[in-house]
1. Go through the range 300-314 and give me each residue that's touching a Ser or Thr at 6+ places or on another chain (Cβ under 9 Å) and among the charged types (D, E, K, R).
2. Of all residues being in a helix (DSSP H, G or I) and surrounded by fewer than 21 Cβ atoms within 10 Å (Cβ to Cβ) in the range 260-282, which is nearest to the ligand (Cβ to nearest atom)? Just the residue, please.
3. For ILE251, which of the numbered conditions (1) within 11 Å of the ligand (Cβ to nearest atom); (2) of a type in the set (Val, Ile, Thr); (3) in contact (Cβ under 8 Å) with a residue 60 or more places away in the chain; (4) closer than 25 Å to LEU140 by Cα fails to hold?
4. Name the residue that is surrounded by the most Cβ atoms within 10 Å (Cβ to Cβ), counting only residues in the range 124-154 that are within 12 Å of ASP234 (Cβ to Cβ) and touching a strand residue (DSSP E or B) at 6+ places or on another chain (Cβ under 7 Å).
5. Are any of the residues in the range 12-29 at pLDDT 95 or above, within 11 Å of the ligand (Cβ to nearest atom) and of a type in the set (D, E, K, R)?
6. Limited to the range 132-165, what total is found for residues that are within 16 Å of the ligand (Cβ to nearest atom), in a helix (DSSP H, G or I) and not acidic (Asp, Glu)?
7. Sort out which residues of the range 14-36 are in a helix (DSSP H, G or I) and farther than 26 Å from LYS3 by Cα, and write them in order of number.
Amino acid sequence: MAKPINVADYRASAQRRLPRFVWDTIEGGAGDEITLRRNRTAFSDYVLRPRPLVDVSRRDLTTSVLGTTISLPVMLGPVGAGRLVHHDAEPIAARAAANSGTIYCLSSITRAPEELAGVADGPMWFQLYIKPTRERTERLVRRAHASNYKVLCVTVDGAVPAIRERDTRNEMKPPVSPRARFLVQGAGHPVWAANFVNARRRLGLRGASEPAQTSLRDVEDEITSTWQPISWDDLAWLRDLWSGPLVVKGIMRAEECARLIGLGVDGIVVSNHGGRQLDGVSATIEALPEVVAAVGGKLEVYLDGGIRRGSDVVKALALGATAVLIGRPYMYGLAARGQRGVEDVLGILRNEIDNTMALLGCPSIADIDSSLVKRTGDTATARAPYPWTATPDGDGAPAERAVRMFS
Ligand SMILES: Cc1cc2nc3c(=O)[nH]c(=O)nc-3n(C[C@H](O)[C@H](O)[C@H](O)COP(=O)(O)O)c2cc1C
């Protein structure tokens with residue numbers, strides 16, 4: 001088995017290793033998956049403009065995120081479904097991030113915040129979905145604070161559950177209870193199945209709000225209560241409650257920025273939830289410039305969605321992002337090779353960022369500026385089919401089959 005050499009290889013390997021219903025849960029997007037595809041393809045609409053004749057014999061990828069130094073401008077974003085991929089998804093991701101010198105953000109719907117305290121010595125963020133009552137939210141936020149998470153990252157694009165048709169077709173509803181098709185699909189992936197069965201036996205399934213929750217009904221309540229409208233009032237209340245840095249995830253336009261600055265928010269993640277919530281939204285790389293302009297340097301701006309290459313990271317930084325977050329790419333690494341896979345995905349991106357910086361003429365992250373990237377105005381690529389996206393009932397486009405070299 002050849003070793004994956006890029007994120008696309010890891011993706012192909014992950015697809016082979018996971019049963020269809022898990023793969024679709026991780027990979028899928030909302031509606032027609034237009035935004036999912038666009039997140040990826042829109043990067044092609046931005047071309048790089050190399051700055052020659054710069055001494056790039058030494059490069060430095062370190063940067064600072066809300067006062068924390070990280071060794072590359074890529075963080076691991078919150079992924080609530082990681083335990084479908086690997087029973088130890090979150091501790092593995094936390095350790096991989098720490099070993100790679102970056103930040104891991106724990107999703108609030110997968111584990112209690114206390115569970116990760118002490119598993120790794122790197123800095124961690126805690127992502128919050130607001131709960132149905134302020135009492136429940138406050139309890140969870142206080143526990144995150146007591147568990148030493150540095151940053152509270154509030155997700156604001158989940159007012160209602162998204163319509164994800166892959167999950168509908170697979171009858172994939174939380175909690176994952178045995179269903180004939182899951183057993184059949186799982187049996188075809190014995191390594192995954194052994195891991196999953198082991199997870200249920202050893203850990204039980206727990207929601208994040210209440211560490212004592214163990215029944216499937218509790219978990220269902222936890223997950224179905226995830227999708228709640230969150231208002232400006234709620235955000236102002238959270239700002240008062242949380243004394244540390246506050247990041248808002250899910251901003252896609254300029255209009256909200258002044259009010260976020262006024263509230264004392266410290267960072268914004270330009271995010272459309274990886275194309276998993278509202279389909280038809282623009283790609284995040286397209287939304288980034290207007291948010292950066294509206295913010296005017298008064299808070300930090302990050303981007304997630306569609307990052308698969310180091311050059312994507314550099315384009316986001318050139319357009320004003322302080323750093324990026326990834327979701328699916330580290331799930332691919334996790335599915336393919338566990339912790340080594342997550343670390344390798346970060347290593348691959350690190351190497352590609354380094355190479356892009358060298359060839360662009362940037363010895364350091366601070367040298368990456370807007371002169372290095374230009375939008376071509378050619379939106380044809382944004383409309384083209386995304387070659388990696390499987391059709392709901394097929395086994396993928398020809399290009400996708402071609403990259404399935406690794407098992
Ligand atoms: C399977 C899956 C589960 C996710 N769960 C959460 C979550 O619990 N909280 C959250 O804020 N975002 C969640 N996201 C969104 C990611 O944090 C991130 O915005 C997105 O994955 C970025 O796009 P990318 O996958 O193309 O890198 C999830 C994404 C995926 C793929």
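1. GLU300, ASP304, ARG309
2. Keep residues of the range 260-282 that are in a helix (DSSP H, G or I), which gives 260-263, 273-275.
Now narrow it down to the ones that are surrounded by fewer than 21 Cβ atoms within 10 Å (Cβ to Cβ): 261-263.
Values: ILE261: 21, GLY262: 23, LEU263: 19 Å.
It comes out as LEU263.
3. Of everything listed in (1) within 11 Å of the ligand (Cβ to nearest atom); (2) of a type in the set (Val, Ile, Thr); (3) in contact (Cβ under 8 Å) with a residue 60 or more places away in the chain; (4) closer than 25 Å to LEU140 by Cα, ILE251 misses just condition (1).
4. LEU128
5. yes
6. To start, the set of residues in the range 132-165 that are within 16 Å of the ligand (Cβ to nearest atom) comprises 137, 140-141, 144, 149, 151-165.
Narrowing further to those that are in a helix (DSSP H, G or I): 137, 140-141, 144, 165.
So of that shortlist, the ones also not acidic (Asp, Glu) come out as 137, 140-141, 144.
The number of residues fulfilling the criteria is 4.
7. So the first thing to find is which residues in the range 14-36 are in a helix (DSSP H, G or I), and the list is 14-17, 20-27, 34-36.
Residues satisfying the conditions are ILE34, THR35, LEU36.
Every residue, every condition in (1) within 16 Å of the ligand (Cβ to nearest atom); (2) within 19 Å of the chain's Cα centre (by Cα); (3) modelled with pLDDT under 95, yes or no:
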| residue | (1), (2), (3) |
| --- | --- |
| ALA258 | no, no, no |
| THR284 | yes, yes, no |
| VAL301 | yes, yes, no |
| GLY327 | yes, yes, no |
| TYR332 | yes, yes, no |
| ARG340 | no, yes, no |
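The values are calculated or read from the model by the stated rules, or taken from the named source; none is laboratory data. Not measured: the values here are computed from a predicted model. Reconstructed Cβ throughout: ideal geometry from the backbone, glycine too, with neighbour counts over all protein chains shown.
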